[in-house]
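Below is one structure, written out as structure tokens; comments come after it.
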Amino acid sequence: MLGFKGAGTLSHFLGHIMLYCRQNDLPPLTVLVVNEKTSLPGSRLTQVEPNADGERLFAFDWFALVPPTPDELVTAYRAEHPGR
């Protein structure tokens, strides 16, 4: 739908979001991005498993949060990948 070709092309962007969610005890927003054929998120982009993550995601009050800044997403990534 976005025009990216091949699996994994969004993993770099989504990884930052997933790590931010994990470090802040938030449901993984990455569960919303699914493979066209399997209708499942990438196996490395969930925290528990797709169904449980999805239930937690939709039950969470996202309007109560201020979205993270790009710098906060980079900080989350670097916390788990020092030196990158």
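Tabulated data for the structure shown
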item	result
Computed label-point distance, nm, for sites ASN35 and ARG78 using a 7 Å Cα→Cβ extension	3.4
Likely footprinting exposure, VAL66, VAL33, fewest C-beta neighbours within 10 Å first	VAL66, VAL33
Value of [θ]222 nm, deg cm²/dmol, for the chain, DSSP H segments ≥ 4, -39500 (n - 2.57) each, nearest 500	-12500 deg cm²/dmol
Which labelled figure in [x] 13.1, 43; [y] 15.5, 49; [z] 13.1, 36 is Rg and Dmax of the Cα atoms in Å, once derived from the coordinates	[z]
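Every number in this text was worked out from the coordinates using simple rules, so none of it is lab data. Since this is a predicted model, take the numbers as computed values, not measurements. Cβ sites come from the backbone with ideal geometry, for glycine too, and all protein chains shown count toward neighbours.
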